[in-house]
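The values are calculated or read from the model by the stated rules, or taken from the named source; none is laboratory data. Just so it is clear, the structure is predicted and the values come from calculations on it, not from any experiment. Quick reminder, even Gly has a Cβ in these numbers, built from the backbone with ideal geometry, and neighbours come from all protein chains shown. Just so you know, the surface numbers come from the protein's heavy atoms only, side chains and all, with ligands and any DNA or RNA stripped out. Shrake-Rupley method; radii C 1.70, N 1.55, O 1.52, S 1.80 Å.
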Amino acid sequence: MAVGSMVIPKYSDPKIIYTPKDIQFDMLSEHGVNLTYMQAWRAKEKVLQFLRGHPAYSYSKLPSYLYILEKTYPGSVVKLKKTDDDCFLYVFVAICTSISGWEYCRLVVIVDVTFLKSAYRGIMLASSTMDATGTILPLAYDFVDSENDAS
């Protein structure tokens, strides 16, 4: 029996943190099999790919997601930029309800940045503001390859 098939239940719940070290410990204590860290890491990666799909597949679905987003929320601003060979560069999304709500908000915009640590890297930027009652209103979000003038 493959290691991956034995650890699938541990990865079914996204709230559970189950590391390669945990896989090594469980395999040794439950089955008497001593795995290297790399073997446990590869098992984890294969299980996650099996459960979630390959990340490249998710990127290929992005244009259809953005199309549905534009049709569902007319007046939204959605921009997708790809390279000449059809590779993802960046995407910008501002939903129409956030755009129309801006006129009732304070004239302060907060931009937050987080660095994506997957195989594809990148940066997520999110901008938000606050209305008169103190409620946070998300304005826009985008995913870029790096912080530069083009993106």
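With a Förster radius of 25 Å applied to the beta-carbon distance between SER146 and TRP102, the computed FRET efficiency rounds to 0.35.
The packing ranking of peptides 37-46, 119-128, 68-77, highest mean first, is 37-46, 119-128, 68-77, where packing means the average number of other beta carbon atoms within 10 angstrom of each residue.
Cα extents for segment 60-140 along the principal axes, largest to smallest and rounded to whole angstrom: 45, 30, 16. Per DSSP H run of at least 4 residues, take -39500 (n - 2.57); add these up for the chain, divide by its residues and hand me the 222 nm value, nearest 500 deg cm²/dmol. Counting only the DSSP helices, I get -11500 deg cm²/dmol. For the chain, the relative contact order is 14 percent, taking Cα pairs closer than 8 Å that sit 6 or more residues apart in sequence and dividing their mean separation by the residue count. With viscosity 0.890 mPa s and temperature 25 °C, the Kirkwood radius over alpha carbon pairs of segment 31-97 converts through Stokes-Einstein to a diffusion coefficient of 164 µm²/s. A 1.4 Å probe run over segment 19-151, with the rest of the protein chains in place, finds 71 Å² accessible per residue.
Under the convention that each Lys and Arg Cβ holds +1 and each Asp and Glu Cβ holds -1, the size of the dipole of segment 5-88 around its Cα centre is about 180 debye. When you count the other C-beta atoms within 10 angstrom of each residue and take the mean per peptide, 131-137, 60-66 line up highest first as 60-66, 131-137. Assuming charge only on the beta carbon of Lys and Arg (+1) and of Asp and Glu (-1), the dipole of the chain about its Cα centre is about 400 debye to the nearest 20.
Once the Cα atoms are used to define both axes, helix 37-52 deviates from the longest principal axis of the chain by about 50 degrees. If the Kirkwood radius is taken over C-alpha pairs of segment 11-151, then at 37 °C and 0.692 mPa s the Stokes-Einstein diffusion coefficient equals 178 µm²/s.
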